[in-house]
Amino acid sequence: MKVSYFWTANSIITGVGSLSRIADEVKGLGATKILVVTDPVLLRTGLVDRVQKALAPTGLKVGIFDQVEPEPRLQIVELCIQTIKDGGYDLLVAVGGGSSMDVAKSASILAINPGSITDYIGVNLVPKPGIPVIAIPTTAGTGSEVTPIAILSDTEEQLKKGVVSPYLLPKVAIVDPELTLTMPPHITAATGMDALTHAVEAYISVNATTITDILALEAIRLISRNLRTAVANGSDLEARSNMLMASLLAGISFANAGVGAVHALAYPLGAQFHTPHGVSNTVLLPYVMEWNMLGAMSRFKTMALAMGEKVEDLSDRAAADKFIESIKQLAGDIKVPLHLRELGVPAEALPGMAEGAIKVTRLLANNPRKLSVDDIRQIYERAY
């Protein structure tokens, strides 16, 4: 057995109504001023108001930073840290999807450490812990509430980049499925496929462990049985609860095992064409898995079983094919695109995207089968 580490948030509070526990958690962190980090859409839905009401018993001043954008640029973090410093905030409450949580996590370290966020792009470059973060997901997809990772868009290089440090792990994750009930179907679908991608890539990662395997397979099982219902009937609290738990489990799994080529190939797509992250992953997932199956054939059969496919009597290769077909069927059922051309990506952009993806060495190192830039270009072409 190889030596491995296991990281996650300091405290994870789950269940319907768990938002009500936030005031007690704040008191335990010794904060004096709270900044809620969110986006303008969530501000309009009333979810931020619910968080503010839950914070009221603390008696602390609560400010709001609502400039988070999808696929957030590096500059958004700089705006957030300026708000933190101007207001003297010493606790961040991230409310939203991965974008809000990643901005809050990034800004938290800049409140203590010198320089700009670009100084910390990479692995384990953050010298000291930042100010505490309480992460409250309102989507069931990114798992950012339990990961030591923040992903941001570099508009100059047209590439998404990651800051990776245990100091990015939130102090508290509050995972309340009631907060996901307002997600529209298309966001439910895309974020659910994002969680599936996290679980699949973690399970076949070269850094997978027994712990991450258990989490990843349960996430795959929950998603395959609940995502269609969550998309079709967003008021189904059981499906919402199961999807949020799947996202959490997948997040913990990939935070430790890592993701691979699907995410690496998705980075240029999100940065250049502003495609939502879950959609980018979905479009590429089956085609990258066609490439990867030779590197982890027996694991594909196990994933097919977790998806509910009857593959016990099939060969590993036939079961792997069945698994990939089941991904396509799920995406088709919930109407998430499966081709780059559906996203308006021009064919002439593919070689440049391949050149960008090959630079994402941090993620490609986790992949069970190595890729050249030509391999990546060919995958893009199959996905076109």
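The values are calculated or read from the model by the stated rules, or taken from the named source; none is laboratory data. Please read these numbers as outputs of a predicted model, since none were measured by experiment. Glycine also receives a Cβ, built like all others from the backbone with ideal geometry; neighbour counts cover every protein chain displayed.
Here are a few things to note about the model shown:
- If you go through region 179-192 and keep only what is more than 21 Å from residue 252 (Cα to Cα) and not aliphatic (A, V, I, L, M), you end up with 182, 184, 185, 186.
- Subset of region 154-175 that is touching a strand residue (DSSP E or B) at 6+ places or on another chain (Cβ under 7 Å) and either among the small types (Gly, Ala, Ser) or more than 20 Å from residue 255 (Cα to Cα) (or both) - its residue that is surrounded by the fewest Cβ atoms within 10 Å (Cβ to Cβ): 155
- Which numbered condition residue 315 fails, given (1) farther than 26 Å from residue 223 by Cα; (2) touching a Lys or Arg at 6+ places or on another chain (Cβ under 9 Å); (3) not aliphatic (A, V, I, L, M): (1)
- Restricting attention to region 20-43 and to residues that are part of a loop (DSSP other than H, G, I, E, B) and touching a residue at least 60 places away in the same chain (Cβ under 8 Å), the residue that is surrounded by the fewest Cβ atoms within 10 Å (Cβ to Cβ) turns out to be 31.
- All positions within region 132-143 that are crowded, with 24+ Cβ neighbours inside 10 Å and in contact with a strand residue (DSSP E or B) (Cβ under 7 Å, 6 or more places away or on another chain): 133, 134, 135, 136, 137, 138
- The helices (runs of 4 or more DSSP H) found wholly in region 303-372 and carrying at least 3 residues that are in the same structural domain as residue 214 (by TED's automatic domain parsing) and of a type in the set (Gly, Ala, Ser) occupy 316-333, 350-357.
- Subset of region 91-131 [surrounded by fewer than 24 Cβ atoms within 10 Å (Cβ to Cβ) and within 20 Å of the chain's Cα centre (by Cα)]: 117, 120, 121, 122, 123, 124
- Scan of region 233-248 for residues that are without any contact (Cβ under 8 Å) to a residue 60 or more places away in the chain and of a type in the set (A, V, I, L, M), ordered by number: 239
- Tally of residues being of a type outside the set (Val, Ile, Thr) and outside any strand (DSSP E or B) across region 146-164: 4
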